[in-house]
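**Q** Right, I'll just put the structure down here and ask away after.
Taken together, the values in this text are just the output of simple stated rules run on the coordinates, not laboratory data. In this text, all values refer to a predicted model and were calculated from it rather than measured experimentally. Methodologically, a virtual Cβ is constructed for each residue, glycine included, from the backbone with ideal geometry; neighbour enumeration extends over all protein chains shown.
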Amino acid sequence: MIVQIYYGFILELTYGWRRVSILYIVGGIGASLFSCVRFHYETSVGASGSIFALLALELIYFITAFPGIEPKRIIVFILLAPMIFLSFIDAPP
């Protein structure tokens, strides 16, 4: 909940409440559909997909807002690695 409030507030100030709301809803629906395709016999319920969509938008904002930062690959990896790692935890073989 803290991540949702923190990133939601920052992104809402940057992009406006309509865009963030649309991204939040579409991200949640997309994550649920992906979960249905990837994990056939499990149910996925919650706002984690929407929160990942907010984190992805924050990553895109960070890359585009600070063009002068040279080691972008390292920063992108630091921001993206936890999202990728958390998306595959508890995945069945």
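**Q** Give me the extension gain from ARG38 to GLN4: residue separation times 0.36 nm, minus the current Cα-Cα distance, reported in nm with one decimal. Write down the numbers at each step before the final one.
**A** On the way: separation 34, 0.36 × 34 = 12.24 nm, distance 2.46 nm.
Taking 0.36 nm per residue and subtracting the Cα distance, the gain is 9.8 nm.
**Q** Among the trypsin sites (Lys or Arg not before Pro) in the range 1-54, which ones are in a DSSP loop with at most 12 other Cβ atoms within 10 Å of the Cβ? Mind listing them? Mind dumping the intermediate values first?
**A** Details: sites: ARG18, ARG19, ARG38; in loops: none.
Those that pass, being in a loop and sparsely packed, number zero.
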